[in-house]
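Novice: One structure follows; several queries about it will come next.
The values are calculated or read from the model by the stated rules, or taken from the named source; none is laboratory data. It should be emphasised that the depicted structure is a prediction, and the values quoted were computed from it without experimental measurement. Backbone-built Cβ (ideal geometry, glycine too); neighbour counts: all protein chains shown. Heads up: the accessible areas ignore ligands, DNA and RNA and are worked out on the full protein's heavy atoms, side chains in. Shrake-Rupley method; radii C 1.70, N 1.55, O 1.52, S 1.80 Å.
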Amino acid sequence: MRGVGRGRPGGKAALASKGPGGNVCRLSADQLAWELERGPAVHGWSDQRWTLPRIAVVIRELFRVSYTARGVACLLRGRGWSPQVAVHRAAARDEEQITAWRGWRWSALKGPRRAWDAWIVFCDGSGQSLGSGKA
């Protein structure tokens with residue numbers, strides 16, 4: 001068996017890394033940022049949420065460059081963009097009514113729990129939490 005790189009054009013130097021593979025990005029940071037700041041509604045979507053597939057569609061239509069959703073994520077991350085989750089609040093949210101409800105209704109709900117020595121289980125996106133009826 002011959003040694004690595006022997007008998008081939010360039011020898012061992014030809015086997016050295018030439019950097020990361022893949023295509024060179026064909027979009028400038030300014031082009032993409034401008035389109036994203038204009039918002040999804042300008043491009044035909046009814047809501048104001050950018051998703052990776054939507055951004056891929058915009059890039060394909062405007063710049064004639066095809067990206068997968070994963071490729072879009074890498075492209076955005078490389079330009080300092082990060083995924084964000086919007087805070088969902090009711091459009092008709094009334095802080096005064098919420099404060100009033102906490103004052104009279106929540107205190108009424110807390111009272112019987114303590115009297116029964118019960119447990120309350122809260123289930124949300126972060127897991128479960130138990131609270132005993134004893135203060």
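Novice: Answer yes or no as to whether Val65 is assigned to a helix (DSSP H, G or I) and among the hydrophobic types (A, V, I, L, M, F, W, C).
Specialist: Numbers: assigned to a helix (DSSP H, G or I): no; among the hydrophobic types (A, V, I, L, M, F, W, C): yes.
Against the criterion (assigned to a helix (DSSP H, G or I) and among the hydrophobic types (A, V, I, L, M, F, W, C)), Val65 does not qualify.
Novice: Still on this model: Please list, ordered by first then second residue, the pairs with beta carbon atoms under 7 Å, 6 or more apart or interchain, first in segment 13-31 and at pLDDT 75 or above, second open to solvent by 100 Å² or more (accessible area, probe 1.4 Å).
Specialist: Filtered contacts from segment 13-31: Ala14/Arg8; Leu15/Val4.
Novice: Still on this structure, please answer the following. Tell me, yes or no, whether segment 98-112 has at least one residue that is modelled with pLDDT under 65, over 30 Å from Leu27 (Cβ atoms), out of contact with any Gly (no Cβ under 7 Å at 6 or more places or on another chain) and assigned to a helix (DSSP H, G or I). Even if it seems obvious, please write down each step before you answer.
Specialist: Pass one, segment 98-112, residues modelled with pLDDT under 65: 111-112.
Still in the list and also over 30 Å from Leu27 (Cβ atoms): 111-112.
Applying the additional criterion that residues be out of contact with any Gly (no Cβ under 7 Å at 6 or more places or on another chain) yields 111-112.
Imposing the further condition that a residue be assigned to a helix (DSSP H, G or I) reduces the set to 111-112.
Yes, the conditions are met somewhere in segment 98-112.
Novice: Take Val65 and decide whether it is among the aliphatic types (A, V, I, L, M), touching a Leu at 6+ places or on another chain (Cβ under 8 Å) and modelled with pLDDT of 75 or more. I'd like the intermediate steps shown before the answer.
Specialist: Numbers: among the aliphatic types (A, V, I, L, M): yes; touching a Leu at 6+ places or on another chain (Cβ under 8 Å): yes; modelled with pLDDT of 75 or more: yes.
Yes.
Novice: Restricting to segment 41-57, and then to whatever is in contact with a Leu (Cβ under 9 Å, 6 or more places away or on another chain) and farther than 25 Å from Gly21 by Cα, can you tell me which residue is least open to solvent (accessible area, probe 1.4 Å)? Reasoning before the result, please.
Specialist: Going residue by residue through segment 41-57, those that are in contact with a Leu (Cβ under 9 Å, 6 or more places away or on another chain) are 43, 50, 52, 55.
Those still in the list that are farther than 25 Å from Gly21 by Cα too: 43, 50.
Details: His43: 49, Trp50: 69 Å².
Of everything passing the filter in segment 41-57, His43 is least open to solvent (accessible area, probe 1.4 Å).
Novice: Let me ask something else. Within segment 58-90, can you find the residues that are touching a Lys or Arg at 6+ places or on another chain (Cβ under 8 Å), of a type in the set (A, V, I, L, M) and surrounded by 10 or more Cβ atoms within 10 Å (Cβ to Cβ)? It would help to see each step written out before you state the result.
Specialist: First, the residues of segment 58-90 that are touching a Lys or Arg at 6+ places or on another chain (Cβ under 8 Å): 63, 65-67, 86.
Of the ones still in play, those that are also of a type in the set (A, V, I, L, M) are 65, 86.
Hit for segment 58-90 is Val65, nothing else.
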